[in-house]
1. Given R₀ = 41 Å, what would the calculated FRET efficiency be for T52 paired with S22, taking r from the Cβ atoms and rounding to 0.05?
2. So if R0 is 41 Å, what FRET efficiency would E37 and Q10 give, r being the distance between their Cβ atoms, rounded to the nearest 0.05?
Amino acid sequence: MTATQSDVLQIALAVLLLIFCSYAGGRVHQWYRQSFERDLAFREGYQQASHTLFPLASRSLHGRAHTPEARVPDQASRLTPGPRPPA
């Protein structure tokens with residue numbers, strides 16, 4: 001096989017190779033960046049949820065242990081109408 005003698009063809013192939021390598025590098029960078037941001041968002045969301053739900057759960061358990069007779073009325077008793085005032 002003989003090397004091509006055309007300088008224009010060699011330059012065009014070098015430019016195409018450079019474009020392809022740049023594109024591939026950009027895609028790898030984008031994948032890495034999105035992966036990092038997704039991991040960071042997951043960690044922040046997990047942290048926020050644990051800070052929100054843990055006090056809520058401990059408060060409801062704490063309230064049940066000390067006041068068993070203080071019950072929330074069920075849905076039916078809240079919806080039944082009471083006596084109407086005279087018109």
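FYI, it's all coordinate maths here, none of it is from the lab. Predicted model only: the values in this text are computed from it and were never measured. With ideal geometry, Cβ positions are generated from the backbone for all residues, glycine too; neighbour counts draw on all protein chains shown.
1. Numbers: r = 44 Å, r/R0 = 1.08.
Efficiency computed from Cβ-Cβ geometry: 0.40.
2. Numbers: r = 41 Å, r/R0 = 0.99.
FRET efficiency, E37 to Q10: 0.50.
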